[in-house]
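Q: So that we are looking at the same thing, I have put the structure below in structure tokens.
Just so you know, all these numbers are worked out from the coordinates, no wet-lab data involved. On a predicted model such as this, the values are computed, not experimentally measured, just so you know. Note that we place each Cβ from the backbone using ideal geometry, even for glycine, and neighbour counts take in every protein chain shown.
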Amino acid sequence: MLTQVNELREYFSSRIYEAESSDELQSLKVSSLGKKGEVTALLKKLGSMPSEERKAAGECVNLLRNELEEIFETKAKQLKDKQNSMTEQRNAIDVSLPASGRYAGVFHPVVETLHEIVNIMAGVGFSVALGPEIEEDFYNFEALNIPKSHPARDMQDTFYFPADDVHPEGRLLRTHTSPVQIRSMLKYGAPIRVVCPGKVYRRDNDPTHSPMFNQLEGLLVDEDVAFADMKGCLQVLMNNFFGKSLRNRYRASYFPFTEPSMEMDVECFECSGKNPDCRICKGSGWLEVCGMGMVHPYVLRSGGVDPAKYNGFAWGMGLDRMAMLKYGINDLRLMFDGSLQDVTRGEY
């Protein structure tokens, strides 16, 4: 019996020491200490041994079992530590690197467009002017040469607030950012160069119109301002915004606050009119980008500026439309959905 115990001790001790995985170690434990293991088989033989030999043999076998259990436990800990070390090396983290995970947020396409245009205009001397979204009739209509009979005053186009003690004539949600031009002239006088971005409100809702949308207008008032100055200013804006030199054209139009008035088209930055299936210009080769004109003398007087000494120009554009053109967005309502996964170009 003693010879068998020593042989098993030497055999299993050596095999346990050489084990390279937890599975291999578990297999050795089953073959030695399991129900059908060799050490267990020795314990079962004790009952058939003479009583005078049984005690000494039992002590030897139990000692072997205890030794092997201790060796198994030590080896299991070694293998686990080794596995943990390998896992740490494989998944090592350099704590000096920036944290991984979600990317930082990005600006909404309309906000990105606003920043771009403001930066371009700041480069040619314009500053930003802001005004209230709940506006008075004087600033939104009267000061801009919009008479009482003008269609823009119709209830189907404008959101009105009821009259109260403070505002007996009532107020409205501004329909354009032009009131900021009047407020700026009254506050700063002339000469003046401002761009006026902000939200405006009209009773519209379809794939190309929204009850609330974003607009940006510009105003320059100085001495001896010519129509050519306005064309040059806007050409600089469009070329920088679309990232290339574009042909442009002007069509006669009508706005009550400018005279003469024009609408500006630029060459399609996508196809230059060469693709009849162009998703941007639909094959026309031109994109309507803004309305513009020389400031009406009545508007200058309403802003406290002498039209005999000063003149100027103004223009207005929809920031949502500019963002749709630049980023290939085909439905204005996507701007307000909270998810731009359908944006065709995928920049956002």
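Q: Straight-line reach only, C-alpha to C-alpha below 16 angstrom: list the aspartates and glutamates that K282 could link to, leaving out same-chain residues fewer than 8 apart.
A: Result set, ordered by chain and number: D265, E267, E270, D331.
Q: Mind counting lysine pairs for me in the range 15-114? Cα separation below 27 Å, and the two need to be 8 or more apart along the chain or on different chains.
A: 22
Q: Quick one: which of 181-190, 316-325 comes out on top by average Cβ neighbours within 10 Å, and what's the full order, highest first?
A: In descending order of packing, they fall as 316-325, 181-190.
Q: Percent of Cα-Cα pairs more than 34 Å apart in the chain, please.
A: For the chain, the share of Cα pairs beyond 34 Å comes to 52 percent.
Q: Also, quick follow-up: What angle do you read, to the nearest 10 degrees and between 0 and 90, between the alpha-carbon axis of helix 227-242 and the longest principal axis of the chain?
A: 10
Q: Right, another one. Determine the distance separating the Cα centre of the range 214-231 from the Cα centre of the range 125-196; give it in Å without decimals.
A: Here the two parts' Cα centres lie 19 Å apart.
Q: Once Lys and Arg get +1 and Asp and Glu get -1 on their Cβ, which of M121, S261, N311 lies farthest toward the positive end of the dipole of the chain?
A: M121
Q: Quick one: angle between helix 178-188 and the longest Cα principal axis of the chain, in degrees between 0 and 90, rounded to 10, please.
A: 80
Q: Return, in residue-number order, each cysteine of the chain whose C-beta is not under 4.7 Å from any other cysteine's C-beta.
A: Isolated Cys, the chain: C60, C196, C233, C290.
Q: Which far-off residues, 5 or more places away or on another chain, put their amide H under 5 Å from the one on G293, with H placed in the peptide plane?
A: M262, A314
Q: Given H placed 1.01 Å from N in the peptide plane, which residues other than close sequence neighbours of N330 have an amide H under 5 Å from its amide H?
A: HN-HN under 5 Å from N330: T344.
Q: Roughly how big is the range 1-113's charge dipole about its Cα centre, with Cβ charges of +1 (Lys, Arg) and -1 (Asp, Glu), in debye to the nearest 20?
A: 420
Q: Moving to a separate point now. Using the Karplus curve 6.51 cos²θ - 1.76 cosθ + 1.60 with θ = phi - 60°, work out ³J(HN,Hα) for each residue of the range 273-278 in order, rounded to whole Hz, and write x for Gly and Pro.
A: Per-residue couplings from phi come out as x, 8, 10, x, 9, 4 Hz.
Q: Measure nothing but the geometry: give the 0 to 90° angle between the long axis through the Cα atoms of 22-33 and the longest principal axis through the Cα atoms of the chain, rounded to 10°.
A: It works out to around 30 degrees.
Q: I've got another one for you. Mind checking the dipole of the chain: about its Cα centre, +1 per Lys or Arg Cβ, -1 per Asp or Glu Cβ, Debye to the nearest 20? List each step's numbers first, then the result.
A: Numbers: 40 positive and 49 negative charges, 140 e Å.
Charge dipole of the chain: 680 debye, to the nearest 20.
Q: Note down the magnitude of the dipole of the range 222-273 about its Cα centre, charges +1 on Lys and Arg C-beta and -1 on Asp and Glu C-beta and zero elsewhere, to the nearest 20 debye.
A: Value, rounded to 20: 340 debye.
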